[in-house]
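> Sharing a structure here in structure tokens format.
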Amino acid sequence: MREIVTIGHPVLRERAREVTPEELGSPAVQTLVDDLVETMRAAGGAGLAAPQVGVGLRVYVTEVRDNPRYPYKPDLPLRVLVDPEVRPLSGESFEVVEGCLSIPGLRGRLRRHAEVEISYLDRDGERHVEVIRGLSAGTFQHEQDHLDGVLFVDRVEDPRTLTSWESFVAFQAEAFAEEARAIVERWGS
Ligand code: ZN
């Protein structure tokens, strides 16, 4: 388990650097990967990027399994992404309400590409290229942003949509669940 750093910590605003092939097999990076997975699961995140535990490397993990923080998110098997790239595949996008473990208590509305191609190395250095659609595509865009020092609040177009988790649950959760269902229906995930 590692400590999750929060907004205002400089590491969250820096561009993380690439992991070299030699580094990837090192105990330091392999332990980092294990710790990211464990910390993400313990914190109930859908993803966690290395800068969020204070490490400026281009690594993140994603996983969704019956997540109570995101009851509307489709399940997503565990992935470890090293030196990833995320490329939008079409001009289509949707609005979504996001939160972030590094911005405790806050959620806000923003726009994400509906279809992306992700290209990354796994923890063994194997290259994967996959097409990801819908809410899951948003998850990868959120984590990828962390590697470039970008936080979801930077992408919130209307700051008046910012809400605490408590207020989200009280006033928006039901309506948003409908929106999320429509996205899942349209894009399959
Ligand atoms: Zn985040």
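The values are calculated or read from the model by the stated rules, or taken from the named source; none is laboratory data. Note that the coordinates shown come from a computational prediction; the quantities given were computed from them, not determined experimentally. With ideal geometry, Cβ positions are generated from the backbone for all residues, glycine too; neighbour counts draw on all protein chains shown. For accessibility, only protein heavy atoms count, side chains too; no ligands or nucleic acids. Shrake-Rupley method; radii C 1.70, N 1.55, O 1.52, S 1.80 Å.
> Could you please find all residues in region 3-14 being surrounded by 12 or more Cβ atoms within 10 Å (Cβ to Cβ) and of a type in the set (D, E, K, R)?
ARG13, GLU14 - these are the residues of region 3-14 that are surrounded by 12 or more Cβ atoms within 10 Å (Cβ to Cβ) and of a type in the set (D, E, K, R).
> Tell me, which residue of region 35-49 that is within 11 Å of the ligand (Cβ to nearest atom) and assigned to a loop (DSSP other than H, G, I, E, B) is farthest from LEU81 (Cα to Cα)?
It comes out as GLY45.
> I'm trying to understand the selection: among the residues of region 50-79, which are open to solvent by 30 Å² or more (accessible area, probe 1.4 Å) and either assigned to a strand (DSSP E or B) or free of Cβ contacts under 8 Å to residues at least 24 places away in the same chain (or both)?
ARG65, ASP66, ASP75, PRO77, LEU78, ARG79
> Tell me yes or no: at least one residue of region 136-159 is touching a helix residue (DSSP H, G or I) at 6+ places or on another chain (Cβ under 7 Å) and away from the ligand (no atom under 16 Å from the Cβ).
So far as region 136-159 goes, no, none of its residues is touching a helix residue (DSSP H, G or I) at 6+ places or on another chain (Cβ under 7 Å) and away from the ligand (no atom under 16 Å from the Cβ).
> Need a quick list: helices (runs of 4 or more DSSP H) entirely within region 87-189 having at least 2 residues that are open to solvent by less than 40 Å² (accessible area, probe 1.4 Å) and not β-branched (Val, Ile, Thr).
Where helices (runs of 4 or more DSSP H) fall fully within region 87-189 and carry at least 2 residues being open to solvent by less than 40 Å² (accessible area, probe 1.4 Å) and not β-branched (Val, Ile, Thr), they are 135-147, 173-187.
> Being of a type outside the set (D, E, K, R) and more than 15 Å from the ligand (Cβ to nearest atom) is the filter; apply it to region 85-115 and report the residue that is nearest to LEU151 (Cα to Cα).
Looking at the filtered set, the residue picked out is HIS113.
> Test each condition in (1) under 30 Å from GLU23 (Cβ atoms); (2) more than 16 Å from the ligand (Cβ to nearest atom); (3) aliphatic (A, V, I, L, M); (4) outside any strand (DSSP E or B) for VAL82 and report the one that comes out false.
(4)
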